[in-house]
Amino acid sequence: MSDFNDQVIADFNSKGGKPGGYFENAPVLLLHSIGAKTGLERTQPLMFLHEDDKGPYYVFASYAGGPKDPAWYHNVVANPELDISVGDGTTITRLPVRARVLDGEERDTIYARQASLFPQFADYKEKTSRDVIPVIELSPR
């Protein structure tokens, strides 16, 4: 885990799920996945889209527009039953979810919505050499 991610996770946990700094005023969750190779739990802070209190959460394997998918994406594909932690600024709740990689129009619609809210996601799409940036739906189970 990078020092940056460790700091974001510590900030998330100390501020009831609402980290400051780079992620201030951005929706952030902690993704608790099982390593595809190691079988160990891995925790990754990620921006997300969540439009309905009962609906799914969406996360984006953008890797800041990097040329490859992030390691956490491979963990989620290998082990789609996982947990997320979300907070309201006071309380953090850990939720069991099931991951599903979106494709086609469904994926494009969700990614466009995220890019309209957070323009850096449009930049990532232009920057990457990948055909698409994966979008993962996390549905409560």
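Across region 51-67, coupling constants 3J(HN,Hα) worked out from phi with the 6.51/-1.76/1.60 Karplus curve, θ = phi - 60°, read 9, 9, 3, 9, x, x, 9, 10, 10, 10, 7, 6, 6, 6, x, x, x Hz, and Gly and Pro carry x.
Between Ala99, Ala71, Ala61, the Gaussian network model of the chain with springs among Cα atoms under 10 angstrom shows the greatest mean-square fluctuation at Ala71. Loop-resident trypsin sites (Lys or Arg not before Pro) (DSSP state other than H, G, I, E or B) in region 26-99 with no more than 14 further Cβ atoms inside 10 Å of their Cβ: Lys37, Lys54, Lys68.
Here the average projected area of the convex hull drawn through the C-alpha atoms of the chain stands at 8.2 nm².
Lysine pairs in the chain whose alpha-carbon atoms fall under 21 angstrom of each other, counting only those eight or more residues apart or on distinct chains, come to 4.
We did not get these values from a lab; they are worked out from the coordinates using the rules stated. No experiment lies behind these values; they were computed from the predicted model shown. All Cβ positions, glycine included, derive from the backbone under ideal geometry; neighbour counts span all protein chains shown.
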